[in-house]
Amino acid sequence: MATLAEPKEASADDAFREEVRAFLAEHFPAELKGSNNALASVEGPTNESPAEKAWREAMGSRGWGVPTWPKEYGGGGLTRKQAHILNEEMAKVGAYNPIGGMGVMMFGPTLLEYGSEEQKREHIPPIARGEIRWCQGYSEPNAGSDLANLQTFAEDKGDHYLVNGQKTWTSGGQWADKCFAIVRTDRSDKHNGISFMLIDMKDPGVEVRPIQMISGMSPFCETFFTDVKVPKENLVGKEGQGWTIGKRLLQHERTNLSGGGSMARLMGSALSDVAKKYLETDDQGVLVDAVMRDRIADFEIRWQAFLLTAKRAMEESKAQGGVSEISSVLKKLGTKLGQERAELLIEIMGLQGLGWEGDGFSDSELSGVRAWLFGKATTIYGGSTEIQNNIIAKRVLGMLDHQ
Amino acid sequence: MATLAEPKEASADDAFREEVRAFLAEHFPAELKGSNNALASVEGPTNESPAEKAWREAMGSRGWGVPTWPKEYGGGGLTRKQAHILNEEMAKVGAYNPIGGMGVMMFGPTLLEYGSEEQKREHIPPIARGEIRWCQGYSEPNAGSDLANLQTFAEDKGDHYLVNGQKTWTSGGQWADKCFAIVRTDRSDKHNGISFMLIDMKDPGVEVRPIQMISGMSPFCETFFTDVKVPKENLVGKEGQGWTIGKRLLQHERTNLSGGGSMARLMGSALSDVAKKYLETDDQGVLVDAVMRDRIADFEIRWQAFLLTAKRAMEESKAQGGVSEISSVLKKLGTKLGQERAELLIEIMGLQGLGWEGDGFSDSELSGVRAWLFGKATTIYGGSTEIQNNIIAKRVLGMLDHQ
Amino acid sequence: MAILNEEQEMLRDMAREWAANESPVAAFRKVRAEKPAEGYSPDAWSAMAQMGWAGIVIPEAHGGSDFGWMSAGLVVEELGKSVTASPIVATTIAASAIVLGGSDEQKAKWLPRLASGEIVGTLAVDEGARHDSSRIETRVNGGKLTGTKAFVHEADGAALFVVAAADGLYLVERGEGVTLSPRKLTDMRSHAEVTFDGAAAERLAGGGDDLLDRVLDRARILTAAEMLGMAQQVFDVTLDYLKQRVQFNQVLASFQALQHRMADLFGDLAMMRSAVEGGLEALDSGFGVARAATVAKAEANRVLHLMSREGVQLHGGIGMTDEYDIGFYLKRARVLEASWGSTSYCRRRFASLAGY
Amino acid sequence: MAILNEEQEMLRDMAREWAANESPVAAFRKVRAEKPAEGYSPDAWSAMAQMGWAGIVIPEAHGGSDFGWMSAGLVVEELGKSVTASPIVATTIAASAIVLGGSDEQKAKWLPRLASGEIVGTLAVDEGARHDSSRIETRVNGGKLTGTKAFVHEADGAALFVVAAADGLYLVERGEGVTLSPRKLTDMRSHAEVTFDGAAAERLAGGGDDLLDRVLDRARILTAAEMLGMAQQVFDVTLDYLKQRVQFNQVLASFQALQHRMADLFGDLAMMRSAVEGGLEALDSGFGVARAATVAKAEANRVLHLMSREGVQLHGGIGMTDEYDIGFYLKRARVLEASWGSTSYCRRRFASLAGY
């Protein structure tokens, strides 16, 4: 081509790559190869093994669990290029990122943007080290996706707020140390009467009650606040700014819920690999059931297109700065495809793919069933698909309000 | 079974069957075997051959083109059972019903219900004989599916109305003798200011302009009324009743647009027969392309389910009396399936199924293409699918208005 | 709804009332919690049997009520609405195999006991996780049947197995040479892998070469009837929910996007009902059964799949909770979809029957 | 939109401006009415060639502008927006075959003439109405090529045919032994059945055994780029229409049911764009081309199919009239969907490449 590619600045990156390799060789416990980050999941408590703990501490001390966060708050301070190299090298040795969860995915980026210097110094480093688990206090009973209607009230008591109310769908509330919550500080103003504050889950007056889901698991809680004292320094931004900060955090949530990398990780092995295990193939390894083959290829092609879209959105948001409005599109597409995949998996496995418990099913079959059922929630939480459609239509496409 | 079927009353029906057979043997011209009823179509003018004319007159004189309409107005006066026998016997010899069009499908049943004795005596017999062609003056530019917004105005001039305005999507307006139209008689009342009246297309002041469609055909017109005099005896029902009568007529339209029998006739041969002609089969006659086979079967199964639904709706409306609200469902389903079929047909034929004109394509290939394109209108006219969805949600399911 | 005769209307009303009063979803929750050995409440089943439902397709001469297949479908549909745990579908299918293929002695021996609900029967065909009646390894030698059947419905409570072997259908009594290994599926109903190791077997010699296919057609249609009840119920409760739930100061039912989705589902449900009733009518009339069965099951699969997904989605967060009933329909739906012919299996069969 | 370099941005802006000013849909209407022999306006084509678009993937050494495939895709996308009738896709693909497989002499002989727009080339592969590159009967004996190619794009204006024979690709000049029989398709563009009866043919001997596949990958991706422009335009004009059209005293854009459909289409369009740009990037980088080509074409087929259907429906009655442009997209869409691989063909190929 007439256009030459830019010359590569290889040397610094190569050196960094070497550094990563050495670090991994020294610190990544071989026994953890190929395992997952339990903390990043909302589906269960953490029971760290000594090796897992050591690995988390090693990564945490470097800040590499949050590689692009500023170094001054315990982040890795890496460039995106370096973060990419880190990921590549970790993938090569089968290492996972042991630092995760809502603190990393949603709360951290939001606090870095809106928090005071003191708040950042207090809250970001423990997240970067993976020591603190955060949960989200957004939804309320009878509010659903309608956040403007929230009722939990924080009364101004001078140096603290007195919080009363009930939240629901608190992910991992029973295991969390702290909660970032939106609460009402002014009853007279629907949108501007909302504030964003941080609540200690160990405080007296905080009570959680796990909700049993159709998947049989209880990853969410109802959370009750009764006269909970929240110090004023735990208010993020200004009073009344909660709606703005809260929505920003939701953009991070959407980006993460749909993000190509994490989705792909959640997905596990390719559908076609599963199909080849469960269905008949000919001597070329081609699935004999041409219809199923067509449907799997249909899915995998669209999945490729989705991954390319997630990548493109990332490049575009990098180029434009900030989280893009396309996060709604990604959230909608990614969760839909995830559900489609789970349904297709069941069809591939037949009744073997519908085991609930007990004999006759492998662990991966049983966890696939739970994931299928749990996955039904992905198009509801983090702003339902219907809400994303409203956002896309109105904010992205400029279609007028339907009222 | 414990329940016995009712004893059959065979004798009377058998006699009628004999009568039909004799009639067909005498009157149905062999050369017309397997041909269609041009008048029932909105897609072109009628150029009757002598044999076609004779057949129309023979059926018309018996009233068998509208077999269940009352005998006193030129209908057949048959029971449904007898009409069914008539259909069966006609199908056996490849005979078609030469009496059709909007007069039969929509206007006739509506006039029988709402017309005055004089109006029925004047208008029904020529329809029953297939002598008069009716068109529908409903839609207006900028009104679309929003009939309450119509502008064509009929001014009361004592013994007549003076009609001014413009209609559009007048099916077959360029070939029609008369038009049943809804017009505004009172500007102060959106719904109750509408009246249903009959306009002679030959009257001075009526002008039609065919609209060219994406299919290349012009089955619809714009119709302009300029100081058209409509005698008062051409008002159907009372002034202001046009909305009620007009909607009733639309129910008949929907029932017809979706009706199993006529749809099936429009559809032509089974998809699978076409596929076997264009695609490879094995020595058992099984389509080698398993994916296409799956998709064809998918369509044909749903088509069966649709035909069964149309039959069920007919039985139910017979049992309950009158046209059922399910006409919206049938219209929506039938037109959607018709479009799906046309798209599938193109896929089966590949580029051979996309011929516009000229060499290299059979007549049936070319007409298939036009039908595919023309068929895009079926989900728009007669109340678009979106309007049907509103009707179903609000009237059938009782979901509240979205405003 | 098909046009019913008086007897059928009475039966349907009776089933509707009984299911609503005696077997609401709460009854299924109780079964789930208490885990009776049979996988259903024996009391509920004997109440059903007393109403004549166990023998609904069994001739009166053999102690049945012989109401016919449409009637069977009506009852099963009503029971499906509240996900009632019962062996009615399994035992009806097993009975129909004997009605179609049994000798006079076999009929006299088994049908009265099935009709009274004294024993439960079930059909055991598939040997893998996906339905495929052309792959049967089970063999019979000298009256001894050997083979393994996967995911047999209602096996836990069954005393009589109608077993497909390579050369036909056989009756096998539970007992020596019959081993059950339970398979707990998402629907929390009774399923088991059943191993026959030289179990005493009696052939169903009548009914022609296509006896298995004919019995499977009945299984497809009656299963589709259960699915119809489920789909209807999901639609109804979802519609009720949308009419009552308020968000953004509006009832959800007033949102046009949801209205149109419900209108779509209503159309699909109409097609499913027609297909299922068409199957039941075909069984009663005896015409076009095979084709009608593929249409019924394919439509039941397609629509219930969609309906159960949309029902959960439209319920929002609470639809994900075990406290609400909607999840039960989703978890039973996939099991029934996979039983007696997936959607693509039914399409293949439809195409074969139509000669393409 | 992919991140473009400056040159690509300039090129895209130029193409956008040129298409809007010099080749709006009105220009296509003119071609349709006046029926030039080539099937496109020769003036418009020479203007394009002067801007370097005819030689967009041809090396500078052979007179091309060598902007690369992403650039070619950008230009073709813009032209697709106004359904511009031109041989740019056909001639670019033909040129790429020579770039990949031609000898130095073949390159020197043909590429400059293609790059300047002096002649137009096209690819002739399929012998039936459905794309299938494994079914080629065309044979070459002693430098004479014999066979019949169905539905050759832009045949009317082509001077050079790149023809697939059973043993490879050949260059055939229009002339003796080459007969065209026009095939008027719904898109009103140039298509013909081309019969080669002992026509002089020169083999493209380079490029490896998979030369045909590699050329077809390019055809798939560049066709997908045209389809992307069409889909984008249908989306944009439909959105504009909904924002402006009033019904029931509301603009259509304010109806939630339509909002959600547009949101769905927007998501699909995003996926289509990613898939197409991914294909173009793969061509420029040389990695993973075959797989990227199946993804690009499959997504282009799927989304444009849906988009053209929804676009027409959402326009209501006027969308059915020839007076409005929307119908052109529908009628071109199906032709392109069927060219170089239907959706199910692409899925089969994707599966084969992925080893299942």
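What net charge do the residues around D:Ala200 carry, taking every other residue with its C-beta under 13 Å from that of D:Ala200, with Lys and Arg at +1 and Asp and Glu at -1?
After counting each charged neighbour, the total is -1.
Alpha carbon centre of the range C:1-63 versus the range B:159-224: separation in Å?
59
In terms of modelled amide H atoms, which long-range or inter-chain residues lie less than 5 Å from the amide H of C:Glu193?
Hits under the 5 Å cutoff: C:Phe151, C:Val152, C:Ser181, C:Arg183.
How far, in nm to one decimal, is C:Asn21 from itself in the other copies if the label point is set 7 angstrom along Cα toward Cβ? Shortest first, please.
Label-point distances to the other copies, shortest first: 8.4 nm.
Where only protein heavy atoms count, and the probe is 1.4 Å, what is the accessible area per residue for the protein assembly as shown in Å²?
Roughly 38 Å² per residue, with all protein chains present.
Pop out the ³J(HN,Hα) list for the range B:221-237 in order, Karplus 6.51 cos²θ - 1.76 cosθ + 1.60 with θ = phi - 60°, rounded to Hz; leave Gly and Pro as x.
10, 8, 10, 10, 10, 10, 6, 7, 8, 10, x, 4, 5, 8, 6, 9, x
How much net charge surrounds A:Glu386 when only the other residues with a Cβ under 11 Å from the Cβ of A:Glu386 are counted, with Lys and Arg +1 and Asp and Glu -1?
Value of the local net charge: +2.
Using a label position 7 Å from Cα in the Cα→Cβ direction, what is the ascending list of nm distances from B:Val396 to the same site in the other copies?
Sorted ascending, the copy-to-copy spacings read 3.2 nm.
Averaged across A:342-351, how many Cβ atoms of other chains sit within 10 Å of each residue's Cβ atom?
That average works out to 5.
Quick one: among C:Glu22, C:Glu323, C:Glu60, which has the greatest mean-square fluctuation in a GNM of chain C with alpha-carbon springs under 10 angstrom?
Comparing C:Glu22, C:Glu323, C:Glu60 in the GNM, the peak value goes to C:Glu323.
Taking θ = phi - 60°, what integer Hz values does the Karplus form 6.51 cos²θ - 1.76 cosθ + 1.60 yield along the range A:157-169, in sequence order, with x for Gly and Pro?
10, x, 8, 8, 9, 10, 9, 9, x, 9, 10, 9, 6
Chain A: which residue's Cβ hugs the A-to-B rotation axis most tightly, distance rounded to whole Å?
Reported as residue, whole Å: A:Ala290, 2.
Build a GNM of chain A with springs between Cα atoms under 10 Å: which of A:Asp282, A:Asp273, A:Asp203 gets the top mean-square fluctuation?
A:Asp282
Using a 1.4 Å probe on the protein chains only, how many percent of the accessible area of the range C:9-166 belongs to carbon and sulfur?
C and S fraction of accessible area: 49 percent.
Taking H as built 1.01 Å from N, whose amide H comes closer than 5 Å to the amide H of D:Glu127, not counting residues under 5 places away?
Amide H neighbours of D:Glu127, under 5 Å, 5+ apart: D:Asp132, D:Ala150.
How much net charge surrounds C:Ala2 when only the other residues with a Cβ under 14 Å from the Cβ of C:Ala2 are counted, with Lys and Arg +1 and Asp and Glu -1? Display every interim value, and only then the final one.
On the way: positive: B:Lys311, B:Arg312, B:Lys318, C:Arg12, C:Arg273; negative: B:Glu315, B:Glu316, C:Glu6, C:Glu7, C:Glu9, C:Glu77, C:Glu277, C:Glu281, C:Asp284.
Residues near C:Ala2 contribute -4 overall.
On average, how many beta carbons from a partner chain sit within 10 Å of the beta carbon of a residue in D:239-250? Spell out each step's value before the answer.
Working: counts 4, 0, 0, 4, 4, 0, 2, 4, 8, 9, 4, 5.
Across the residues of D:239-250, the mean count of other-chain Cβ atoms within 10 Å is 4.
If we sort A:149-158, D:173-182 on the protection proxy, mean other Cβ atoms within 10 Å, highest first, what's the order?
With the highest mean Cβ count within 10 Å placed first, the list reads A:149-158, D:173-182.
Taking a label point 7 Å from Cα toward Cβ, how far is A:Ala54 from its twins in the other copies, in nm, shortest first?
Distances to the matching label points in the other copies: 10.3 nm.
Taking only the Cα atoms of the range B:191-260, how large is their convex hull per residue, in Å³?
It is 142 Å³ per residue.
Consider all pairwise Cα distances in chain A and report the whole-number % of them above 32 Å.
That tail contains 41 percent of the Cα-Cα pairs.
For the protein assembly as shown, what is the Kirkwood estimate of the hydrodynamic radius, computed as the reciprocal of the mean inverse distance between distinct Cα atoms, to one decimal in Å? Kindly include the intermediate steps, with their values, before the conclusion.
Details: mean 1/r = 0.0279 Å⁻¹.
The answer is 35.9 Å.
Normalised by the residues of the range C:234-339, what does the relative contact order come to in percent, with Cα pairs under 8 Å and at least six apart? Walk me through the intermediate numbers first.
Numbers: 89 pairs, mean separation 26.1, N = 106.
Across the range C:234-339, relative contact order equals 25 percent.
With a 1.4 Å probe and every protein chain kept in, tell me what percent of the accessible surface of chain B is carbon plus sulfur.
Its accessible area is 50 percent carbon and sulfur atoms.
Using a Gaussian network for chain C with springs between C-alpha atoms less than 10 Å apart, which of these wobbles most: C:Ala219, C:Ala270, C:Ala292?
Highest fluctuation among the options: C:Ala270.
Using modelled amide H (1.01 Å from N, peptide plane; none on Pro or chain starts), what sits under 5 Å from the amide H of A:Leu400, excluding residues fewer than 5 places away?
It is D:Ser254, by chain and number.
D:Glu137 versus C:Ser46, label points 7 Å from Cα toward the beta carbon: distance in nm?
About 7.6 nm, to one decimal.
Add -39500 (n - 2.57) for each DSSP H run of 4 or more in chain D, then divide by its residues: what number comes out at 222 nm, to the nearest 500 deg cm²/dmol?
Computed mean residue ellipticity for chain D: -18000 deg cm²/dmol.
Accessible area lost on pairing B with C, both sides, 1.4 Å probe, Å² to nearest 100?
Interface area, both chains combined: 3700 Å², rounded to the nearest 100.
Does the range D:201-252 come out rounded, prolate or oblate, given a ≥ b ≥ c as the square roots of the eigenvalues of its C-alpha gyration tensor, rounded meaning a/c under 1.5 and, failing that, prolate meaning a/b above b/c?
Here the range D:201-252 falls in the prolate category.
Calculate one ³J(HN,Hα) per residue across the range D:172-183 by plugging θ = phi - 60° into the Karplus curve 6.51 cos²θ - 1.76 cosθ + 1.60, and present them in order as whole Hz with x for glycine and proline.
Result, ordered by residue: 10, 7, 5, x, 4, x, 10, 10, 9, 10, x, 10 Hz.
Provide the packing ranking of B:363-369, B:287-293, i.e. peptides ordered by the mean count of other C-beta atoms within 10 Å per residue, highest first. Display every interim value, and only then the final one.
Details: B:363-369: 15.9, B:287-293: 20.3.
Result, highest mean first: B:287-293, B:363-369.
Find the relative contact order for chain B and round it to a whole percent, using C-alpha pairs within less than 8 Å whose residues are 6+ positions apart.
Reported as a whole number, the value is 11 percent.
Treating the Cα atoms of chain D as identical point scatterers in vacuum, please give the log10 of the normalised Debye intensity I(q)/I(0) at q = 0.14 Å⁻¹, two decimals.
Ignoring solvent entirely, the Cα scatterers give -1.14.
Taking 41 Å as R0, compute the FRET efficiency from the Cβ-Cβ separation of A:Lys232 and A:Glu316 and round it to 0.05.
The formula returns an efficiency of 0.55 here.
Report relative contact order for chain D in percent, whole number only (criteria: Cα-Cα under 8 Å, sequence separation at least 6).
16 percent.
Label points 7 Å out from Cα along the Cβ direction at A:Gln151 and D:Asp167: separation in nm?
Computed distance between label sites A:Gln151 and D:Asp167 equals 8.4 nm.
To check my understanding: the extent here is largest minus smallest coordinate of the Cα atoms along each principal axis. What are those three numbers for the range C:211-353, in Å, largest first?
58, 27, 24
Pop a pseudo-label 7 angstrom from the Cα along the beta-carbon direction at both B:Ser362 and D:Asp240 and give the gap in nm to one decimal.
Taking the two extended label points, one gets 4.3 nm.
Going by accessible area, probe 1.4 Å, with all protein chains left in place, what is the ranking of C:Trp18, A:Trp243, largest first?
Per-residue accessible area, sorted high to low, gives A:Trp243, C:Trp18.
Per residue of D:325-332, count partner chain C-beta atoms within 10 Å of its C-beta, then hand back the mean as an integer.
Across D:325-332, the average partner-chain Cβ count within 10 Å equals 3.
Given a Förster radius of 45 Å and the C-beta distance between B:Gln241 and B:Ser35 as r, what FRET efficiency does 1/(1 + (r/R0)^6) yield to the nearest 0.05?
Values: r = 40 Å, r/R0 = 0.89.
Using R0 = 45 Å, I get an efficiency of 0.65.
Quick one: which bits of the range D:112-131 get at least 50 Å² less accessible when the partner protein chains are in, versus the chain alone, with a 1.4 Å probe?
Buried by the other chains: D:Ala129, D:Arg130.
The values are calculated or read from the model by the stated rules, or taken from the named source; none is laboratory data. All values reported here derive from a predicted model rather than from experimental measurement. FYI the Cβ positions are ideal-geometry reconstructions off the backbone, even for glycines, and counts take in every protein chain you see. Remember, those area values only see protein heavy atoms, side chains included, never the ligands or the DNA or RNA. Shrake-Rupley method; radii C 1.70, N 1.55, O 1.52, S 1.80 Å.
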